[in-house]
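Visitor: I'd like to ask some things about the structure below.
The values are calculated or read from the model by the stated rules, or taken from the named source; none is laboratory data. The structure presented is a predicted model; accordingly, all values stated were derived computationally and were not measured. No Cβ is skipped: glycine too gets one built from the backbone with ideal geometry, and neighbour counts run over all protein chains shown. Side chains included, ligands, DNA and RNA excluded: accessible areas come from the protein's heavy atoms. Shrake-Rupley method; radii C 1.70, N 1.55, O 1.52, S 1.80 Å.
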Amino acid sequence: MPDALSLSKPRTIIFGAFDRHNFGDMLFAHVVARLLAQRRPEVEPVFAGCGQRDLRAHGGHDVAALSQLAQCWRDEPVALIHAGGELLTCDAWEAAVMLTTPEEARIRIARYGSRAEDRNAWARAELGTDARAPYVIGRETFSRATSICFNAIGGATLDAREAALREEVLGKLRSGDHISVRDAPTQATLKRAGIDAQLVPDPVSLVAELFDERIRTHSDARHAFPRGYLAVQFSADFGDDATLAQIAHQLDRLGKTTGLGIVLFRAGAAPWHDDIAVYARMAARMRHPAVTIFESLNVWDICALIAKSEGFAGTSLHGRIVAMAYGLPRVNFQHADADACKQHAYASTWEIADAPGLVPITAIHAAMREALAMDRAALHDKASALAKAHRAGFEPIAQRVLRS
C-alpha cells in the first residue's frame, strides 16, 4: 500500500469496518471520501480499519491498520471520521474473527469459542489493541485530534451488550466532536446515556446520486432474464436444510407468480456473512427454471446487480439501502425466532409507512409481491429525500474536518 504515514497534512483518517469484505462497509469509505473531495479535493484521506488489508480487487480500498497509524500519529492533530455502520456493538472477538479467512475463522472458533479469556487474549494480539470495542475510536487513541466524528453509525443492540463494552463505547462517544446515528433505537439508547446524536440516514443512501455513472458500467445480468429478475441474498446462518427448503419454496412461488428470474448474490464474503456453497445447495432445491448464482464480489458489480433488478429480497441491510437509493421494491427477512435487529431498526426509522420491512421467511413471497405493487414515484421520492438528508447530515462533519 502507499506509505500512508508520509502523507502531507492535514491528516484525515476515514475509519471503519471496510478492512474485510462486507458490501455496505466498503461503500461507506467511497461515500465519505467523495463527500469530502467535493468540498476539498486536495485532501488525501487515509483509509483505516482494525486490520491492514488491500481490498481494491473487490472495489474497496487499500486499508491501513489503525494501530499502526496511532503509533506514529498519536500526538498529531488528525481528523478522524467513523464512516458508518453498526460499529457500536462489534466487540474485539467478533472484529478479529471477521478479519480472518472463513477456514481460519472455523479453526479459531473451535479453539477459543468457549473460553472467553483465551478468546479475548487472541483478539487483542490480532488487533494490536486492548479495546473491547475496537471500531469505536476516541481521544484515548488520538489525544490531539482536531476532530473525531461519528457518521450515521448504528448500535441497535447496544443496550443488550455487556456493561464493560457499553461503558467503553459511551465513554469514547463522549470524547467525540460530532455524532450522528442511522436509526431511532440507537439515538434513544444514547439519549438515555446523556449523549445527543443527530439522526441521519445511512451513507449508502447517496450511492445512486454519487456513483450511478460508475455503477451503470458494471456487470449486467438482465440479458439472461428478458422479463427481469429479483436480486436475492441471505447470510450463511440460513444454511440448514429446513430453512433452505422454506426459502426455496418462497422463491419458487415468486418466480411463478411474477415471471421474474432469481439471482443469488453475496453481500459479504467475510466470516459470518454469505456462503456461495449454501446458495448452490438452495438452487439445487428450486423448481423455478430461471435461477442463477452471481459470483462477483466486486462491490460495484453488486450495486449494478441490484440497481438493474426489479427489487431486492434478503438479510443484508445494505442490499435494502441500495435498493432504496434506486427507488426499487425491497424486503428484508429473518429467522422466525430472531430478535429485533439493525434491519428492523433502520426500516422502522426511514421506510415509507406501508412498505414491507423485516418479515419471517414464510412471508417472503407475500411481502415481495406487496413491495412490487408499491407506487414507484413514492419510492423514488423516498430515495431523493434520504440522499438529501444524508448530505445535510454530513455537513457538520465536513465543516469540522475542513477547518482542521
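Visitor: Being open to solvent by less than 40 Å² (accessible area, probe 1.4 Å) and touching a strand residue (DSSP E or B) at 6+ places or on another chain (Cβ under 9 Å) is the requirement here; does G138 meet it?
Guide: Yes, satisfied.
Visitor: I'm trying to understand the selection: among the residues of segment 292-305, which are under 15 Å from the mean Cα position of the chain (by Cα) and aliphatic (A, V, I, L, M)?
Guide: Once the filter is applied, which keeps residues that are under 15 Å from the mean Cα position of the chain (by Cα) and aliphatic (A, V, I, L, M), segment 292-305 yields L297, V299, I302.
Visitor: Against the definition (in contact (Cβ under 8 Å) with a residue 60 or more places away in the chain, open to solvent by 20 Å² or more (accessible area, probe 1.4 Å) and more than 16 Å from the chain's Cα centre (by Cα)), how does R403 come out, yes or no?
Guide: Taking the combined requirement at face value, the residue satisfies it.
Visitor: Restrict the check to segment 277-291 and report whether at least one residue is within 22 Å of the chain's Cα centre (by Cα), of a type outside the set (G, A, S), at pLDDT 95 or above and under 24 Å from H30 (Cβ atoms).
Guide: Looking through segment 277-291, none of the residues is within 22 Å of the chain's Cα centre (by Cα), of a type outside the set (G, A, S), at pLDDT 95 or above and under 24 Å from H30 (Cβ atoms).
Visitor: In this structure, does F150 turn out to be aromatic (F, W, Y) and either surrounded by fewer than 24 Cβ atoms within 10 Å (Cβ to Cβ) or modelled with pLDDT under 95 (or both)?
Guide: Against the criterion (aromatic (F, W, Y) and either surrounded by fewer than 24 Cβ atoms within 10 Å (Cβ to Cβ) or modelled with pLDDT under 95 (or both)), F150 does not qualify.
Visitor: Scan segment 376-394 residue by residue and report those that are under 14 Å from R330 (Cβ atoms) and open to solvent by 80 Å² or more (accessible area, probe 1.4 Å).
Guide: If the condition is that a residue be under 14 Å from R330 (Cβ atoms) and open to solvent by 80 Å² or more (accessible area, probe 1.4 Å), then R376, H380 are the ones that fit.
Visitor: Oh, and also: Would it be correct to say that I364 is over 26 Å from S180 (Cα atoms), crowded, with 21+ Cβ neighbours inside 10 Å and either modelled with pLDDT of 95 or more or not hydrophobic (A, V, I, L, M, F, W, C) (or both)?
Guide: Numbers: over 26 Å from S180 (Cα atoms): yes; crowded, with 21+ Cβ neighbours inside 10 Å: yes; either modelled with pLDDT of 95 or more or not hydrophobic (A, V, I, L, M, F, W, C) (or both): yes.
Spelling it out, I364 is indeed over 26 Å from S180 (Cα atoms), crowded, with 21+ Cβ neighbours inside 10 Å and either modelled with pLDDT of 95 or more or not hydrophobic (A, V, I, L, M, F, W, C) (or both).
Visitor: Test of understanding: among D212, D237, which residue is part of a helix (DSSP H, G or I), of a type in the set (D, E) and at pLDDT below 95? Outline the logic, then answer.
Guide: Details: D212 fails: at pLDDT below 95.
Every option except D237 fails the conditions.
Visitor: Another question, if that's okay. Considering only segment 361-383, state which residues are farther than 22 Å from S205 by Cβ and within 21 Å of the chain's Cα centre (by Cα). Outline the logic, then answer.
Guide: Filtering segment 361-383 for residues farther than 22 Å from S205 by Cβ gives 361-366, 369-370, 373.
Across segment 361-383, there are no qualifying residues.
Visitor: State which residue is most open to solvent (accessible area, probe 1.4 Å) when the search covers only segment 345-358 and only residues that are closer than 10 Å to N332 by Cβ and either in a helix (DSSP H, G or I) or touching a His at 6+ places or on another chain (Cβ under 6 Å) (or both).
Guide: L358
Visitor: Among A242, A248, which is out of contact with any Phe, Trp or Tyr (no Cβ under 8 Å at 6 or more places or on another chain) and surrounded by 16 or more Cβ atoms within 10 Å (Cβ to Cβ)?
Guide: Going through A242, A248 in turn, just one is out of contact with any Phe, Trp or Tyr (no Cβ under 8 Å at 6 or more places or on another chain) and surrounded by 16 or more Cβ atoms within 10 Å (Cβ to Cβ): A248.
Visitor: With segment 267-344 as the region, which strands (runs of 3 or more DSSP E) entirely inside it contain at least 3 residues that are open to solvent by less than 20 Å² (accessible area, probe 1.4 Å) and in contact (Cβ under 8 Å) with a residue 60 or more places away in the chain?
Guide: Working: elements: 291-293, 312-314, 330-334.
Counting at least 3 such residues, we get 312-314.
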